[in-house]
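The structure appears right after this line, and notes come after that.
Each reported figure results from applying straightforward, stated rules to the coordinates on display, with no laboratory input. Not measured: the values here are computed from a predicted model. Heads up, the Cβs are rebuilt from the backbone with ideal geometry, glycines too, and the neighbour counts pull from every protein chain shown.
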Amino acid sequence: MPSVFASVMPTFTAITTVRDKPSAIALGEALEQIDQRPVGLGILELEDGTNVWEVAAYFDEPPDEIVVYLLGASFGSKPFVFSTVPEKDWVAHVQRELSPVEVGRFYVYGGHDRNNVPVESIGLLIEASMAFGTGHHGTTKGCLLALNDMIDEGCAPSRVIDLGCGTAVLAMAVSAFWDIKTIASDIDAVAIEVAEVNVGANRLKKKVLCLKANGFEHSEIISASPFDLIVANILKGPLIEMALGMAKNSAPGGTVILSGLLDVQFDEVFNAYKNQGFILKKRNSIGEWLTMRLEKKLKL
């Protein structure tokens with residue numbers, strides 16, 4: 001699929017929703033086959049617990065609305081909504097408008113604010129152009145708050161992994177404060193490229209190891225296990241599927257921080273981890289977004 005991460009974004013959009021992932025993927029693939037192919041395509045699950053998938057196509061010229069509409073109907077989508085977006089350099093715009101995020105001791109900022117980092121804060125540089133994980137989302141804030149709580153309580157983990165690391169902001173927060181080596185892993189190769197750039201920009205290359213891995217399935221991760229702290233800001237489904245793996249790779253008394261969740265998903269996710277020997281230490285909500293801090297029982 002063509003990338004939508006361009007400096008100057010396309011100016012015409014067509015957006016719809018479908019009821020399941022296979023239909024969303026199929027519709028996206030079909031859109032790429034029309035004569036006027038989109039120059040960007042986004043497919044994502046809406047975070048409202050309804051299993052609704054959004055398909056967004058981006059064009060540099062007005063699309064043939066009839067063709068797009070009929071194509072969507074053939075896959076059972078809602079009617080496409082078409083719009084025109086004023087052309088601008090979106091990266092530059094975001095860098096100007098995106099404000100720093102201060103969460104406890106941590107101060108997440110873009111390069112345009114490098115001269116404004118408070119002396120008493122732990123600065124974490126995340127460039128706005130580098131997608132997923134600038135610190136503004138409630139799930140990332142929740143994880144940073146959980147780390148801040150651990151610092152307040154005098155915790156001192158020594159073996160740490162950030163699963164689904166995105167920009168690696170959480171792994172960097174751990175290494176920056178505790179001055180320890182951490183692992184930042186993600187199933188997405190692009191995310192790892194982003195993480196490595198951010199780690200270098202924060203001068204943490206000797207502290208944060210970035211790995212492309214599916215869960216705990218990597219030799220470096222296996223050799224580092226069990227972990228005193230696992231941070232996983234992902235989604236409900238993968239977190240439930242990984243409950244057993246989390247238990248196997250957590251040290252007795254170890255901490256697991258879970259996010260990427262909605263408040264209404266708490267019971268389902270927590271029950272999966274309770275069945276694996278975890279107890280709830282704390283939960284916090286920012287808006288509708290949930291973060292929970294769990295501890296593995298010393299003995300089952």
Problem - Positive minus negative residues near residue 190 (Lys, Arg vs Asp, Glu; Cβ under 13 Å) - result: -3
Practice task
Quick one: grab Rg to one decimal and Dmax as a whole number for region 138-296, Cα atoms only, in Å.
Solution key: 14.2, 41
Exercise for the section: Run the numbers on the chain and let me know its relative contact order in percent, using alpha-carbon pairs under 8 Å that are six or more apart. Expected result: 13
Practice task
Could you sort 258-265, 231-238 so that the peptide with the highest average Cβ count within 10 Å comes first and the rest follow in order?
Solution key: 258-265, 231-238
Handout entry: Segment residue 211-residue 84, extension gain: residue separation times 0.36 nm, minus the distance between their alpha carbons
Key = 41.8 nm
Practice task
In nm, give the distance between the simple-model label positions of residue 177 and residue 54, each being 7 Å from the Cα along the Cα-to-Cβ direction.
Solution key: 3.1
Completion exercise
Most packed first (mean Cβ within 10 Å per residue), the peptides 28-36, 178-186 order as 178-186, 28-36
Problem - Projected-area mean, the chain, by convex hull of Cα positions, square nanometres - result: 16.1
Handout entry: Net charge, residue 156 excluded, C-beta distance under 13 Å - Lys, Arg +1, Asp, Glu -1
Key = -3
Practice task
Could you sort 140-150, 165-175 so that the peptide with the highest average Cβ count within 10 Å comes first and the rest follow in order?
Solution key: 165-175, 140-150
